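The values are calculated or read from the model by the stated rules, or taken from the named source; none is laboratory data. Computed from a predicted model, the values in this text were never measured in an experiment. Positions of Cβ are backbone-derived with ideal geometry, glycine not excepted, and every protein chain shown enters the neighbour counts. Please note that ligands, DNA and RNA were not included when accessible areas were found on the heavy atoms of the full protein model with its side chains. Shrake-Rupley method; radii C 1.70, N 1.55, O 1.52, S 1.80 Å.
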Amino acid sequence: MESCDLGGRQRGPIWHRRPGLAAPRGVIVNIIHSVKGYHSKTIRFLNVAFDVSGDSLLAGDQQGNIYVFDLNGNRFNLVQRTMQACTALAFNLRRKTEFLVALADNSVKCFDTETKELVSWMRGHDSAVSSISIHGSGRYAITTSTDTAQLWDLDTFQRKRKLNVRQSVGIQKVFFLPLSNTIISCFKDNSVFAWEFDTLHCKYRLPTPVEGSVLLYKVFAVTRDGRIFVAGGKSNHLHLWCLESRQLIRIIQMPAKVRAVRHLEFLPDSFDGGSSQVLGVLSQDNIMRFIHIETCKLLFDIGSHEEGISTAAISPNGRYIASVMENGSLNLYSVQALTQEENKPPPPTFKVVDNGSKSTTEANKLTMRVTSGRPEHPWKSKGSKIQTRLLKLQTNTSLENKENELPGGLNKKRLRALLKGFGEYPAKYRMFVWRSLLQLPENHLAFSSLIDKGTHSAFVNIQNEYPIKSRKLLRVLQRTLSALAHWSAIFAEMPYIPLLAFPFVKLFQNNQLICFEVVATVVVNFCQHWFEYFPNPPVNVLSMMENVLAHHDKELLQHLIKYNVTSQVYAWPLLETLFSEVLTREEWLKVFDNIFSNHPSYFLMVAVAYVICSRAPLLHCNQTADFEYFFHHRNNLDINVVIKEAYHLMEATPLDIHPQRMLDDFIPLTKGQYPVFNKYPEFIVDYQTQEWERIRQDEIEYLRERQLAHELEAKAQEQKAEEEAWYRKQKLFREAEEQRRKILLEEEEKLAKQRQRLAAVRRELKVKELQFLDASRRRFLKYQQDQHQMELKRLDDEIARKASMREQETAAALQDVEVRRMELESQRQLFEQHLTKDQEAVTKEMKEKVDAHRRKVDQEDHLVQRLMEIEREENQKAQIVSEENLAKAEQRCLGTNWRLQALHKLRRDDRDREKRYEEIAKLLHDNRVKEAELLNAMREAEEKKWEEVTQKKAQLEENQKAAAAADEHRKQFLEDEIDEALELTEKLRREDGCFERLRDLKARCPERGAELQQVSRSGNICLNDLSASGSSSHMSLDRRGKELACQERELMAEVRRLREKLSTQARAGRPPTRFQATKWTP
């Protein structure tokens, strides 16, 4: 046999010389991967896969090395190092150089064999991927794990769909059906569904297998044409289904040495058209047998007990078989060499059951005898009818065997025999045996509903009563107890339920469902009649145990009675703790191996046996405390003797006192939902629950009140500390106040002197300020008078100039009349234009004069307003000074009031000083009243001034109206004159000598009319009366200024008198003191 050691090489030849058909047992080459060094070892291969041509082989080992073996080119190549074990392999059918590998981290990666680069990384599984199926087009792939199957697009490497199932069901395998767009999904409950790939709608479901077949499907295979589907599991039977008719067409029974099937795969043939007839079956003995599914004939097998096969893959062309051996090596077989006549094994032993018509199937099943070669009646299909072969039921199956059958393929009778021989179950399989013995239903949904209710109120603070170091163990115990309490209310009131459940919690802490169901099964079966006398111990059960003890050891019972030791002392502690206090872990496991394998009454017998086997130390005890200590602590006792004594008690106890007569047989929990548990006095439990709830509410109220009391106490202490600190601060404040009072008196004396000096300086400054304001006002009035005089002089000069100009123009006009008369006819239009220009020039000149006069009037009004504003500012300043003095007096009054209150608390006898302060305060109040009266007088004077201004404005408006009426009269007069002048002009046209004079008169008349009209509109009198108007306005303004100055001087003199009076009063007495305004309101 050719051998190839990969070693540390990354590439190289597979074999040095290719073996021919004479290869031993058909093995072409044996490939190993060894690592040499200080510790030499062999790296195990885990998975293999062929490409679509069947000439390339992909293999992955436990260290993540991926090799490609080119069988035609005789070369191997290391294409990738993933650094973690692979769980499945597959070639990409579309891109020949790409392959998919499922890794131990639940992910799937795509690599390229040529570039050795990562193409894509697909994640989404929560458990290891067990298989990868590629669609015939090569575009899609399905990855399957135990909890889900996912559909991937290999062009984009994106997940398209995901198949989720319930946790209690689980997925076995999901794969594409060859030559069709159908997906087959196989589940752990033996259900097989077919889905349309395009729409993912369910096409059909295979029916349930026939009665009598207990095969649980684990492995599957399908022919290349997609017509025949075969399934196998933990049995030596194979089910053949026809997917076209969706019926079970055959059940093949493998030889007796085959007890379970681990792998199935059809061997392709180039000439069978895809309807493969040879099936490879890998069984639990690590031998792969190839049988013909139609003739039921064994063709050949590979592997042996010494060189067992772990898994295998067959090339699509049917030429090679690659198998991973149990020793970790890789064997490559030649199918041609295996099918030679000399390599065929001895004749097989098959048992095929063929069912005839429907009537004969129900009466008696025809069983074909085991033959070699072909059977006498081979299966053939006739027309559309398909002949089915069914498994024959064994007629020697008895009712007793059915009762002894347990889930998982175990037998209770055999387990008892094993237990009797070894005394205990193997530690490796103990939990599995217990689950089978107790027949746990594993109701995931029901348990989840109990867990979803949360922690029960009775076990919220369980860590206070049972301080367990392991937080995980404490959490599992709390959840298990809460689930029991939600299942039945009695468990929330049982004080010993944590002691009863804790051993199982410690054993099954990694599987809370199993833990809960084991505890529930123990309570339902082995704790029968415990709760009938709740909250007292089960007197009836203890009485049964006492009867058994009295029958088998009356002397010991009399000794216990002598010292008043009842069954509640020597039996109940053992029962309520399930012996966990008196036994070690190994002893406890051994005891419960026997308890779970026998009738529930055996549990009570073990307790009685423990008491009987402890006879010697118990007879030496004479104190109740010694008895209690004995049954709550571990003792030097051989547990095997106790177990044998319990079996002896089971056999030797009379039937009338035997607990088996009172206790029911073992009843497992029901599937789907847990049974109702109400075997207890409900009114007591309900009452106790209400009492516990009331106590809990009272405790919450007490805790709240205690918390409130603590808070109040803390606040009182804090307040007390604050008061003490406040008193200390007040003492310091008083001391500081005495010191500062002395300093303040000195400072007040200094301040009084400074204030006197400051008041004198202020008076001098105020006098200077008033003198300056008076001088400024006089200068402004003088400046105003000078301006008026200059304006009047300018107006006079302008009038004289205009008069001379008019005279000059008249003379020139008289001189030019003769010349102009001759040019009048030819230049009439030109004359009109010149006349218009002259008129505009005169109008502009008059506008300028009127604007100048208006500005002068506005300036006078502005000066008057300025004078009035200065007067208001003076009044405001006086008021501000008064308010400042008043605010200072108020501030001083407040300070004095605070001092007075402090002195009033310290010295009650100082009444005289208080009276003087009151008099001073009253005097200050009177002064404030007088100041208010003074301000009112100032306001009244201001109102009078404004009334005078209003009257003068009204008088001015009347004068303006009279001037306007005079202007209208003069305008009418001028219009009449102009009409007369026009008539004269008509006459002068006929006279040449007078033409120029009349034209000049016509030009001057409109000019004077426009001038007078503009003057009247500006609110002034005519030019002839302008000097008189200016004189009268000047005299009225001067007179009003004198009156205002006189009144201002009188007001300032009154203010000075009041201030002198206040300062004199202040100097005559002590520093002014005033009480709060709320006390001294006028």
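Brief remarks follow.
- Percent carbon-and-sulfur accessible area, the stretch 404-498, ignoring ligands, DNA and RNA, probe 1.4 Å: 52
- Taking 0.36 nm per residue of separation and subtracting the current Cα-Cα distance, fully stretching the chain between residue 657 and residue 585 would add 22.8 nm.
- Among the listed pairs 412/554; 109/428; 793/952; 188/412; 116/188, a Cα-Cα separation exceeding 30 Å is found for 412/554; 109/428; 116/188.
- Between residue 193 and residue 81, the FRET efficiency from the beta-carbon distance, with R0 = 45 Å, is close to 0.70.
- Karplus-derived 3J(HN,Hα) values for the stretch 624-631, using 6.51 cos²θ - 1.76 cosθ + 1.60 with θ = phi - 60°, are 4, 4, 5, 4, 4, 5, 4, 8 Hz; glycine and proline are entered as x.
- Proximity of backbone amide H atoms, modeled 1.01 Å from N, is registered between residue 90 and 100 at under 5 Å, excluding neighbours fewer than 5 places apart on the same chain.
- Contour minus Cα-Cα distance for residue 796 and residue 257 (0.36 nm per residue): 178.6 nm
- Debye equation applied to the C-alpha atoms of the stretch 1-154, log10 I(q)/I(0) at 0.11, 0.15, 0.16 Å⁻¹: -0.46, -0.81, -0.91
- The stretch 492-538 shape via C-alpha gyration tensor axes, a/c threshold 1.5: prolate
- Residue 114 accessible area, 1.4 Å probe, all protein chains in place, Å² to nearest 10: 140
- Whether the stretch 487-570 is rounded, prolate or oblate, judged on the alpha carbon gyration tensor where a/c under 1.5 counts as rounded: prolate
- Here the Karplus curve 6.51 cos²θ - 1.76 cosθ + 1.60, taken at θ = phi - 60°, turns the phi angles of the stretch 178-193 into couplings of x, 6, 7, 9, 10, 10, 9, 10, 10, 10, 6, 8, 6, 8, 10, 10 Hz, with x standing for Gly and Pro.
- With R₀ fixed at 56 Å, the C-beta to C-beta distance from residue 857 to residue 751 puts the FRET efficiency at about 0.55.
- 30 Å Cα-Cα reach of residue 720 towards lysines, excluding residues that sit fewer than 8 places from it in its own chain: 729, 731, 905
- Backbone HN-Hα couplings from phi across the stretch 633-645 [Karplus 6.51/-1.76/1.60, Hz, Gly and Pro as x]: 9, 6, 10, 7, 9, 7, 5, 5, 5, 4, 5, 5, 5
- Pairs over the 27 Å Cα-Cα cut-off, from the set 41/218; 234/506; 877/1061; 877/1042; 766/945; 802/847: 41/218; 234/506.
- Carbon and sulfur %, accessible surface of the stretch 768-899 computed with the full protein complex present, 1.4 Å: 53
- Computed about its Cα centre, the charge dipole of the stretch 597-742 is approximately 800 debye, with only Lys, Arg, Asp and Glu carrying charge at their Cβ.
- Solvent-accessible surface of the stretch 426-574, averaged per residue with a 1.4 angstrom probe and all protein chains in place: 43 square angstrom.
- Prolate/oblate/rounded call for the stretch 203-322, Cα gyration tensor, a/c under 1.5 rounded: oblate
- Residue-span extension gain [residue 1052 to residue 707] - 0.36 nm each, minus C-alpha spacing: 116.7 nm
- Taking Lys and Arg as +1 and Asp and Glu as -1, the other residues whose beta-carbon sits under 14 Å from that of residue 707 total -2.
- Amide H to amide H distances under 5 Å link residue 31 with 4, 330, 331, 332, where only residues 5 or more positions off or on other chains count and H is placed in the peptide plane.
- FRET efficiency for residue 473 and residue 181, using Cβ-Cβ distance with R0 set to 56 Å, rounded to 0.05: 0.60
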